1. Rank these residues by their accessible area, most exposed first, probe 1.4 Å: Thr159, Thr130, Thr106.
2. Over region 18-121, consider all pairs of different Cα atoms and compute the Kirkwood hydrodynamic radius from their mean reciprocal separation; express it in Å, one decimal.
3. Show Arg9, Arg58 ordered by accessible area, largest first, where the area counts protein heavy atoms only and the probe is 1.4 Å.
4. Taking only protein heavy atoms into account and a 1.4 Å probe, give the accessible area per residue of the chain in Å².
5. I need the per residue convex hull volume for the chain, using only the alpha carbons, in cubic angstrom as a whole number.
6. Return the distance in nm (one decimal) between the two label points of a simple spin-label model at Ser154 and Asp21, each offset 7 Å from Cα along Cα→Cβ.
7. Please give every one of the lysines within straight-line cross-link reach of Lys46, meaning a C-alpha to C-alpha distance under 25 Å, and leave out same-chain neighbours fewer than 8 residues apart.
8. Pulled fully out, how much extra length does the chain show between Thr33 and Asp55, if you take 0.36 nm times their separation in residues and subtract their Cα-Cα distance?
Amino acid sequence: MRYVNQVVRIMKFLVTALFPDGGDLAYDMTLGTGKDSDFLSEIFRKVISLDIQEDAVRKYSPPENVTVLVKDHSSIGDFSECADLIVYNLGYLPGGDENITTLPDTTIKSFGSALKLLKKGGFLMAAVYTGHDGGYERDKVLEFFEGLDYREYSVLRHTFTNRPGMAPELFVLEKRG
């Protein structure tokens, strides 16, 4: 499968297509193992990556253009640099403690702040994993995106229709310019 088997693969496919000449700044709001930050570092001049888990940040060796901070994704409101792209992988750290997950309240707070930092014509992408106890977060994410004014934002939802159980989804938001 080249496209429709993993939401992160779909995200990377879209980022590559949307930024063929690269971009200035991307935020990786959930560092995790660092794979997304590594990918983004090849496309964007600067990447700012956050993770609430010190262990994730400690284990990651960032490229020169990646700044990594131990912060919750809801702290994006503390930043002032506008971004071309903001990405999220919601759920838990792969291979980490599955009891430590992103939470609906902090995620929605983060989205609200992220929209203010997003450049016109910029994108926010959120991979939402629902196969864990915190999977109800998807409902709040969907509610948030459905509530946005279509004149300001376009939101596309990628979902797997033939997967049993709680399949991951990818939300792609474009800030109209």
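The values are calculated or read from the model by the stated rules, or taken from the named source; none is laboratory data. Small disclaimer: the values here were computed from a predicted structure and weren't measured. Note: ideal-geometry Cβ built from the backbone for every residue, glycine included; neighbour counts use all protein chains shown. With ligands, DNA and RNA removed, areas are computed over all heavy atoms of the protein, side chains included. Shrake-Rupley method; radii C 1.70, N 1.55, O 1.52, S 1.80 Å.
1. In descending accessible area the options line up as Thr159, Thr106, Thr130.
2. 13.7 Å
3. Values: Arg9 90, Arg58 170 Å².
So the residues, ranked largest to smallest area, are Arg58, Arg9.
4. 53 Å²
5. Working: hull volume 20.2 nm³, N = 177.
It comes to 114 Å³ per residue, whole-number rounded.
6. Placing both labels 7 Å along Cα→Cβ, they lie 2.0 nm apart.
7. Correct list for Lys46: Lys12, Lys35, Lys59, Lys71, Lys109, Lys116, Lys119, Lys120, Lys175.
8. Values: separation 22, 0.36 × 22 = 7.92 nm, distance 0.99 nm.
Roughly 6.9 nm would be gained on extension.
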